[in-house]
Amino acid sequence: MLIPNKIHAVVFKEEGWFVAQFLEYDIATQAKSVTALLDEAEQIIAAYILVAEQKGLEPFTNMPRAPRRFWQMYKDAKPVRHNEPPDERRPVLELRAA
């Protein structure tokens, strides 16, 4: 199974929610706090990988990339530091705050 080694996401606030939009895959998640958002982001990626593994598929197969506007947001954003323990079974999340 081929698991990506890094996934990029832009984090922004919308209508009182913190949102993480992944770039390589058009997946988003939201939470009321940044800490909860980081947990949600890790959980959603882990869930996609787990489901693919259970079905014998490569994770994120045929999933489209995020719309171009999120890539530009990411380019203009500042890096977000977070303490994510290394785990070769999951990709590293590289986050930037818009």
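Computed from the coordinates by the stated procedures, all read-outs in this text should not be read as laboratory data. Quantities reported herein were computed from a predicted structural model and do not represent experimental measurements. Because the Cβ atoms are built from the backbone with ideal geometry, glycine has one as well, and the counts that use them run over all protein chains shown.
If you go through segment 27-47 and keep only what is surrounded by 14 or more Cβ atoms within 10 Å (Cβ to Cβ) and part of a loop (DSSP other than H, G, I, E, B), you end up with just I27.
How about segment 48-67: which of its residues are free of Cβ contacts under 8 Å to residues at least 24 places away in the same chain and surrounded by fewer than 12 Cβ atoms within 10 Å (Cβ to Cβ)? Give the derivation first.
First, pick out the residues of segment 48-67 that are free of Cβ contacts under 8 Å to residues at least 24 places away in the same chain: 48, 50-51, 54-57, 61-62.
Those that are free of Cβ contacts under 8 Å to residues at least 24 places away in the same chain and surrounded by fewer than 12 Cβ atoms within 10 Å (Cβ to Cβ): V51, Q54, K55, G56, T61, N62.
Select from segment 50-71 the residues that are part of a loop (DSSP other than H, G, I, E, B) and farther than 17 Å from K6 by Cα and list them in ascending order. Spell out how you get there, then give the answer.
In the first step, residues of segment 50-71 are kept if they are part of a loop (DSSP other than H, G, I, E, B); the result is 56-67.
Of everything in segment 50-71, those that are part of a loop (DSSP other than H, G, I, E, B) and farther than 17 Å from K6 by Cα turn out to be G56, L57, N62, P67.
Got at least one residue in segment 21-42 being acidic (D, E) and free of Cβ contacts under 8 Å to residues at least 12 places away in the same chain?
First, the residues of segment 21-42 that are acidic (D, E): 24, 26, 39-40, 42.
Then drop every residue that is not free of Cβ contacts under 8 Å to residues at least 12 places away in the same chain, which leaves 39.
Yes, that holds for at least one residue.
What do you reckon, is Q72 free of Cβ contacts under 8 Å to residues at least 40 places away in the same chain, under 13 Å from L23 (Cβ atoms) and not aliphatic (A, V, I, L, M)?
On the way: free of Cβ contacts under 8 Å to residues at least 40 places away in the same chain: yes; under 13 Å from L23 (Cβ atoms): yes; not aliphatic (A, V, I, L, M): yes.
It is true that Q72 is free of Cβ contacts under 8 Å to residues at least 40 places away in the same chain, under 13 Å from L23 (Cβ atoms) and not aliphatic (A, V, I, L, M).
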